[in-house]
Amino acid sequence: MAFTPNKKQGIDPAQIAAGGVKLQKGISKEEQKRQMEEQKVALEEERIYRKGVASIKDLIAPASMIVEPSFVRLGDVFCRTLFVVTYPRYVTVGWASPIINLSTQLDIAMYFYPIKADIILKQLKKKVGVLEAQISSDAESGKPRDPISETALRDIEQLRDDLTQGIEHFFQFAFYCTFYSTDKAELERVTSQVESTFGAMLIYTRRAYFQAEQGFNSTLPAGNDELQITFNMSTSPIASSFPFTSAELTSDNGILYGVNRHNNSLIIFDRFSLQNANAIIFATSGAGKSYAVKLEIIRSMMMGVEVIVIDPEMEYKALSDAVGGTYINISLASRSKINPFDLPRPTGESFSVEDIIRSAVITIKGLLRLMLGKITTAEDSILDRALLETYAKKDIVPGVDLASVEPPILQDFQDILEGMEGTAELIVKLRKFTEGTFAGLLNSPTTVQMNNQLVTFSVRDLEDELRPMAIYTIINYIWNVVRSERKKRILVIDEAWWLMQAEDSAKFIFALVKRCRKYYLGITTITQDVNDFLTSPYGQAIVTNSSMQMLLKQSPASIDLIARTFLLTQSEKYLLLESGVGEGIFFAGAKHAAIQVVASYTEDQIVTTNPQQLLKIEAQKKEFEEAQQGGTPAT
């Protein structure tokens, strides 16, 4: 309702807004009475208007509120408050961290009420007298000593000294936590979990029965302690209640991975000291995952570790050239060839040639499924028999010396198939790789050597259709070399989601991740397509079997899946969404911390993949070469 006062009658709108009007002087009583009536009407309508205006309280208030004996219901949300009633004599630092890191919505409130030292010292003096009298009385009567009383006496004496010297201060401390859930059964589960977690530390809690509203109000940001349930504590145990502790990942051995963003300490770690040396790196494009891996490669090589890289985009070429590594380009026109029929040359241990041949047959069948597409059960049996005959054609049978034999090639396998019945369709599909367009990839003896500390296989120049097959063959070749000689090695598989697209290649990678520890190998799996990787059952298993994980900046589309997989808290989810380049979370075994990847100037010039920075480096290099040719001193 709108109200427009009549100026002729002497009622000013500004006066009404200020809370009232003044009557004009020099007018009759009837006129004053009429003005007063109009004033009452104006003020009443102003009150009604203000009542209809939305306030902050209206915006933040829930639609409804029901107070039950043990919880408060705000609309569809159930809220329950727990408070701590007793503590043990000793608590560890960060005892509240398990509650903070729960994957549930909660509010925690801590209240500190300082108490004057002279009041506490007076009370402690009386307590000391009582304890000393009790101990003396027990000794005179011949009773056995009471360790509880003696311990309490020592604690009180120590506290008296600390309070007198100002080392400690005394407080009354209150700790409340409120949990929220849209499901009552879930609220009960979380409550029981918290009570059990605290109980394991001998910290006992209670639910705020018949004080549910007061408990809820006490954990609101308003800072009003309506429960007033406190416990006497000095400074040291109160400091241990600080919940936001960070894991230290600094060790005497290992390489530098970055800086701990919680406390600016260095994250120095040896991945080979973990249960296994496998690592997983998830990040969006441009978040710095390749940058971090290149730094690890350089620093690991300084520690004598051999590194093998599968490079899908020729990102590691500059690094390989800088450290004198071997760079192998695998393509249809390249002279570098890998024979999928190669066998390992085990040394220094007992082995069975029959087992090696059988393992090679199983591995090649996985490759053939990628090459030939869907294979029936009958065709699978034919391939199995044909592969064994192919090896037998080259005298590779149980009991032979593998060091003196020459493995077959794909053409030999095709020749065997052509002499078998029911293989016409298989031969047609296979000819594309022996005589057709793709003949230059797999139908040749191996011509590459892995006799360098850094060996990089590039598959950038391969067609997308051939890339999974090539990577599968390369990894199989690397695995044969690893099994032939046990050394400390790291295998880096960049853009691993290529291999997750097919079940056989995903299964092959998973088998390597499970078995590589025995051969002193650590596999680093890198991917930016998190959804495709983690939705694969083998992708989940690879994560489980990787003791070291690094999560850099994530996209909103994949953050929920990442959070479920790695059990991230709400704050850790936001950290990954808002991280800059080279920032994220570093997991090493049971510990994890926020990390900032750092590099020296020289390392940065070698490992950077920033196009703008690369253009600047090329311009500087060109300027340097021109200056040398012209005889001008280079700057």
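The values are calculated or read from the model by the stated rules, or taken from the named source; none is laboratory data. Fair warning: this is a prediction, and the values are worked out from it, not measured in the lab. Here the Cβ positions follow ideal geometry from the backbone for every residue, glycine too, while neighbour counts run over all protein chains shown.
Of note:
- Residue in region 528-544 that is at pLDDT 90 or above and of a type outside the set (Asp, Glu) present: no
- Tallying residues that are touching a helix residue (DSSP H, G or I) at 6+ places or on another chain (Cβ under 8 Å) and of a type in the set (Lys, Arg) within region 292-312 yields 1.
- Total residues in region 264-287, condition under 11 Å from GLY582 (Cα atoms) and either in contact with a strand residue (DSSP E or B) (Cβ under 6 Å, 6 or more places away or on another chain) or outside any loop (DSSP other than H, G, I, E, B) (or both): 2
- Evaluating GLU465 against the criteria (1) among the charged types (D, E, K, R); (2) farther than 26 Å from PHE586 by Cβ; (3) outside any loop (DSSP other than H, G, I, E, B) leaves one unmet condition, (3).
- Only one entry of PRO144, PRO114, PRO88 meets the criterion of being modelled with pLDDT of 80 or more, assigned to a loop (DSSP other than H, G, I, E, B) and closer than 16 Å to SER241 by Cβ, and that entry is PRO88.
- Residue list for region 336-358, restricted to those being in a helix (DSSP H, G or I) and either modelled with pLDDT under 85 or buried (at least 17 other Cβ atoms within 10 Å of the Cβ) (or both): VAL353, GLU354, ASP355, ILE356, ILE357
- SER192 vs. criteria hydroxyl-bearing (Ser, Thr, Tyr) and free of Cβ contacts under 8 Å to residues at least 12 places away in the same chain: yes
- Residue within region 300-309 that is of a type in the set (Asp, Glu) and assigned to a loop (DSSP other than H, G, I, E, B) present: no
- Of everything in region 578-615 that is loosely packed, with under 12 Cβ neighbours inside 10 Å and assigned to a helix (DSSP H, G or I), the residue that is modelled with the lowest pLDDT is PRO611.
- Screening the candidates ARG483, ARG460 for the property of being assigned by TED's automatic domain parsing to the domain that holds TYR316 and touching a Phe, Trp or Tyr at 6+ places or on another chain (Cβ under 7 Å) yields one hit, ARG483.
- Extreme residue, modelled with the highest pLDDT, among residues of region 248-271 that are surrounded by fewer than 19 Cβ atoms within 10 Å (Cβ to Cβ) and farther than 16 Å from VAL598 by Cα: ASP270
- Check on VAL72, under 30 Å from SER571 (Cβ atoms), at pLDDT below 80 and not acidic (Asp, Glu): no
- Qualifying positions in region 168-215 - among the acidic types (Asp, Glu) and either touching a helix residue (DSSP H, G or I) at 6+ places or on another chain (Cβ under 6 Å) or assigned to a strand (DSSP E or B) (or both): GLU168
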